[in-house]
1. Between residue A:155 and residue B:30, what is the spin-label point distance in nm, taking each point 7 Å from the Cα along the Cα→C-beta axis?
2. So for the range A:107-217: antiparallel DSSP bridges make up what percent, rounded to the nearest 5?
3. Who wins for biggest fluctuation among A:124, A:101, A:236 in a Gaussian network model of chain A, springs between alpha carbons below 10 Å?
4. By its C-alpha gyration tensor, with a ≥ b ≥ c as the square roots of the eigenvalues, how is the range C:42-121 shaped: rounded for a/c under 1.5, else prolate for a/b larger than b/c, else oblate?
5. Just check the range A:107-217 against the gyration tensor rule for me: Cα atoms, a ≥ b ≥ c as the square roots of the eigenvalues, rounded for a/c under 1.5, and otherwise prolate or oblate depending on whether a/b exceeds b/c.
6. Mind checking the angle between helix B:59-69 and chain B's longest principal axis? C-alpha axes, 0 to 90 degrees, to the nearest 10.
7. What is the Cα centroid distance between the range B:102-123 and the range B:145-189, reported in whole angstrom?
8. Starting from the Cα-Cα distance between residue A:125 and residue A:94, subtract it from 0.36 nm times their residue separation and give me the gain in nm to one decimal.
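Since every read-out is calculated from the coordinates, none of them should be taken as a lab result. On a predicted model such as this, the values are computed, not experimentally measured, just so you know. Here Cβ is always computed from backbone atoms with ideal geometry, including for glycine, and neighbour counts include all displayed protein chains.
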């Protein structure tokens, strides 16, 4: 019997080694990115194109922008693709990242119950829309997770002159975009979403876009390599290859080509 | 209600279609959790058995600690293992974060206390039965542990199944240390969490049904094995 | 190991003196039967000899030497068997003695044959009847070739033919030179097996005498009452 156990053990350990090495057979990089890009399905569409041309596998870890930057700071990712310009610039300035590059943009949309009790649909600009929700005291679900969307939302409240701290109608989900939308749908609340996640989100119930289109709702994504000087194990060559590709004409074409229904979700930024 | 019935009908069509991707995810789940339980068996069961037989100062504190750790939130285990395996952590040089190995390590930490606590109870009960016989035969306590582990092997299957259930169903630890990377570290629970956050509740429930089916199947196999063994050595 | 001198053994449980100054001397041969009412301290005495209980006071002298690690075996009133075959259970007793695995099996088979259970060597020990289980327990003790064998009511609640089988085995063990100390409430069994009888009451030895003299002329009043209480209905058949 001891013999059988031994045989089983060896084969089990062998199989996990095989499993791990299979995953690492080709070259691969870890890309820390946002839930919005992952959940919109963009990566599932464009990464196979890159992998095919370069032979480099991209492993996406989807987090909030804040978390993704933390992961980069700790050296646990090779490349970051996030959307919070102020935090990105700080990240590079502090020496954690190398040269931020524009990749693409989409826009934020204000979603809420179709009945639109706060009358956001008639707002003249973004600040006005946020102001109407605060004035009416309609339920609002915030990401509350230091993500790029969360940072943008807080900027909009600021521009509307609203202090959301301690407001009964203001709920912090502390969750990714999807769970936040699930909550908003369940409560019939308003929330701010990126267009990509919204477009691929299925459990909408009564939610609809109540306000969109203001240039202020512009949501740019940037890409950067984690600083190899700080973290020597960072896969510099492969990471740079990915950054070069996603900002190249080929990469831009791939981004433009991703559609849900007939709707294009991300727009490449040409340099 | 309509949503729920829709979800289940989708679950069955998914099962009937035997999606290749789903099969990959199921396989990885089984490999990761299976290995974690294997290590849990090698570490947790002897550890629990030693606590069940041994009489030393501090033993009761250890028992209480162990029983408490059964309820350790998987997220906490995930964060701790993350900090250990992170490039900036003590074991960072091995670059294990966001790999299947990291998930096995985290789940091992998760199941060891659970399996040890169950083993402690089982072996302690058996020890009460055999203590005089084994002591009269001049077994040293460590050899008694070995005898009892072997003698309780059928009851200890419960500990193994509990460990497997916990490992297969936890999401917190594998999400943090594995990163839920497509085709690399995505297991059943993290896939379910992802589909839920995408608002694709039918697919989430479909995957949940598959997970439940896998766990039920494993339990059924264990039950049959145990029945057979009990008939043999009742 | 012999002569075994037990002097002034004391042991308490729950405020009651179970052994209350028990003294006894045993020579190196024969079968000694311990008699005495329930609660007299017979089982506790066997457990102190076996090393399972540490007496509160008193001394056991093992023929002038220290207590030997091996050489004393015990069969309990309700022996516990592992969830294993008969063979596995007998071999178990040889493991602390560091007997090589190959020899273990040969010795276990030999002793199983002598208790008439060899044909069931591969069966589960938990499938045995009460009498078979006691025979297996005797085999498990016997296989270690003990100098001193302690038997705690080995035939309690067994049918007559099982009792006879056990008695035959006990005699056989004795002829191989093992010293046997055994408790029983079966006075017929005592007369059949014993060389000498030790009568214990209230935690001390009341009387230690050769078997015929003990039953013919018990010296202590307690022993006389005990025999009278037990004998009349047995003698009626």
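1. For the pair residue A:155/residue B:30, the computed spacing is 4.9 nm.
2. On the way: 8 of 12 bridges.
Roughly 65 percent of the DSSP beta bridges within the range A:107-217 come out antiparallel.
3. Result for chain A, Cα springs under 10 Å: A:124 fluctuates most.
4. Prolate.
5. Values: a/c = 1.23, a/b = 1.15, b/c = 1.07.
Here the range A:107-217 falls in the rounded category.
6. Between the helix axis and the principal axis of chain B, the angle is about 10 degrees.
7. 8
8. On the way: separation 31, 0.36 × 31 = 11.16 nm, distance 3.48 nm.
Taking residue A:125 through residue A:94 to full extension adds about 7.7 nm, to one decimal.
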